[in-house]
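Notes for the one structure printed next.
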Amino acid sequence: MSLAGAGPATGEKISEPWVQLLTPAGVRVPEPHYDSWLEDIDGGRLQGLYRDMVVVRRIDVEATALQRQGELALWPPLLGQEAAQIGSGRALAPDDFVFPSYRETGVAYCRGVEYADLVKVWRGNAPSSWDPYRLNMAPMQIIIGAQALHATGYAMATKFDGAETATMTYFGDGATSQGDLNEAMVFAASFQAPVLFFCQNNQWAISEPVRVQAQRAIADRPPGFGIPSVRVDGNDVLACLAVTREALDRVRTGAGPYFIEAVTYRMGPHTTADDPTRYRDPNELEDWRTRDPIDRLAAYLKSEGLFDDGFQAQVRTAADDAAAGLRAACTGLSDPSDLELFDNVYSTPHAVLERQKQHYARYLAGFEAAEGGQR
Amino acid sequence: MTTMTFGQAINAGLRKALDRDPKVLLIGEDIGTLGGVFRITDGLQKDFGAHRVVDSPLAESGILGTAVGMCFRGYRPVCEIQFDGFVYPAFDQIVSQVAKLHYRSRGRVKMPITVRVPFGGGFGGAEHHSESPEAYFLHTAGLRAVTPSNPQDAFLMVQQAIACDDPVMFFEPKRRYHLKGEVDLEADLSAAAPLDQARIERPGSDATLVAYGPLVPTALAAADAAADEGISLEVIDLRSLSPLDFGTVADSVRRTGRLVITHEASQTGGLGAELAAGITERCFYYLEHAPVRVTGFDIPYPSARMEQHHVPDLDRILDGVDRVLDRPNSLSGLED
Ligand SMILES: Cc1ncc(C[n+]2csc(CCOP(=O)(O)OP(=O)(O)O)c2C)c(N)n1
Ligand SMILES: [Mg+2]
């Protein structure tokens, strides 16, 4: 029960209009405008999108298992959000820059992340993992909404430089309440920054349904800031791909900022530390299961004769390999060295911290001298 | 007496406060249906209604800023910040508004806000989930700050904080939420130790060891270990961080002549610095050794697999005790 809001309860029919190219049953709905953004998506590419989603779900399930087995301290599952992340992630060009939240495993996968870099942070080995300049993707962000401002600033800088790239930021429905997110929209509009806001409205911010954050569709808010927006079926990978491709093209070619609300569902817990049965009606989950992003593409592939045993076996192998790769990378990570916590606080020498580090090294050495071993 | 956990004791204290005063209201992220990510507000929305236990939109500045407005109407908001590292979006409202409105309005507007902040590390948390931001708030005039270290204090102090007409930063040592203790649920609030008073947790004669919040149990364990070596430590639980109870600590230091201060927060500009300076001013001629600080390092809170180096533990506290007692220690022979 929440004080806020007379808005539509989650689980009710999603208000239209929105872009949907594939119904939950896997029927292709023609939509001339957005279809033009999918002309290159032939059978092989369709199968590729399916493989991506299955592999990413498998990575996610494996990471959840690794957490249950004590190999990771925590994991934020993306279960149910595969289409939103693969559809949008596959629309990005290598030069585009991404500012994610913490749940964008699928986007990181599209950017070519290494397995170890997916789990290093959650294992407690490092405060961030991948090289932002190799993936063109900033470290994941836990402070809700902060990354939207960073993306806007990055986009402003690309504009100063005259570069033709887009900057994209991912955030959740909950994040739309933060000042940072709203300030980002003001800056983006004022400076006509080439930034794409991508909101995965997965209906929940931990235990709070989206109606605590917004009384109307989230996509209705950006126009008030002067930012055009579109609402898309976030469980439809084709719609997400088409809508994001178009949006990135607009952004790259000087049309200013743009906002996508992908309507999806967090099928798992908020993180492995969360217990959604405390606040969520199980029927709601069952309802969303009928709109599963992977099942619906499978149904479409089947209807197109693109889903034979050979293909399915191939996808299974890819998923198994990914799971095994992730597990090996995770358990193979070596613990940080004793003094690593002092590294990179500053980029130039800092006398006070140096002294603390030396004192601590001496302290540790004393243990080893006394006990001939580890602390 | 009832045996309960630290977390349950805060819950019981909040319940009493809600019962006692219809103007008390709880607001924060996920505190209603879920009962908070730590279940500290478990069951309260069910019993007191969604108008008194409010799930707020995800915006800390919004939580504190609207609480200020409620204070203008005579409410006593209890704001929950989900984790220490998420208090900063509310920093502006706390520092520029909550702390100053009583002063600015020449006492006409009261800000009886309690800001509950689970703080501290040592539990393998993710980034931004293990911080000790108390010093930022101690430096802000107009705010009080307290931290209980055991269930009985938690139960009473949260009620005292809510009843206090000043804004109180209420730091909860989250890794002690499961610590069990005896709580007198019928304890009379007016008979409780004042909110701004420290407490001698264990008397001793060789040195004074000052701790607060999560490190009080660690300090007590260190005192046990020191006793095995024939060293008698007096352990003080500060309880109040602003104001600091210099009287209690100075009394102790005048008897022991030696002071060790420990906290998880970084050292520079921290509470240990303030305490060391204040005690040196008051007890200069009684001190046998400079006050010693055993603290977290001047680094961002490190990842889980490095935090054991950062958070002071029994051994590091004892090393500090050796230093203050001029016994062989890790810095022996070092001249800087
Ligand atoms: C500033 C800040 N406040 C609170 C939190 C705690 N928190 C972590 S995730 C979360 C909910 C986020 O919901 P949403 O934006 O919808 O993203 P989702 O988790 O659904 O992907 C909250 C409250 C945080 N990380 N940062
Ligand atoms: Mg969400």
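Quick note: the coordinates plus some simple rules give every number you see, no bench work behind them. All of these numbers come straight from a predicted model, not from anything done at the bench. Here the Cβ is made from the backbone with ideal geometry for all residues, glycine too, and neighbour counts use every protein chain on show.
Quick notes on this one:
- Taken over segment B:296-336, the criterion of being facing chain A (nearest Cβ under 8 Å), over 25 Å from the mean Cα position of the chain (by Cα) and of a type in the set (D, E) is satisfied by B:D336 alone.
- Filter result (more than 13 Å from ligand 1 (Cβ to nearest atom) and under 23 Å from B:K174 (Cβ atoms)) within segment B:85-94: B:Q93, B:I94
- Only one entry of A:D180, A:D173 meets the criterion of being touching a strand residue (DSSP E or B) at 6+ places or on another chain (Cβ under 6 Å) and either more than 22 Å from A:E246 (Cα to Cα) or within 11 Å of ligand 2 (Cβ to nearest atom) (or both), and that entry is A:D173.
- Hey, A:P269 surrounded by 14 or more Cβ atoms within 10 Å (Cβ to Cβ), under 27 Å from A:V98 (Cα atoms) and within 14 Å of another protein chain (Cβ to nearest Cβ) or not: yes
- Condition check for B:R305 on (1) farther than 17 Å from A:R362 by Cα; (2) touching a Pro at 6+ places or on another chain (Cβ under 7 Å); (3) of a type outside the set (S, T, N, Q); (4) not in a helix (DSSP H, G or I): one failure, at (4).
- Out of B:L34, B:L64, one residue alone is under 19 Å from A:G174 (Cα atoms), touching a residue at least 40 places away in the same chain (Cβ under 8 Å) and either in a loop (DSSP other than H, G, I, E, B) or more than 10 Å from chain A (Cβ to nearest Cβ) (or both). It is B:L64.
- Residue check for A:P269: over 25 Å from the mean Cα position of the chain (by Cα), assigned to a loop (DSSP other than H, G, I, E, B) and not polar (S, T, N, Q): no
- Residue match in segment A:62-78 (condition: away from ligand 2 (no atom under 16 Å from the Cβ), out of contact with any His (no Cβ under 9 Å at 6 or more places or on another chain), under 15 Å from A:G234 (Cβ atoms) and not acidic (D, E)): no
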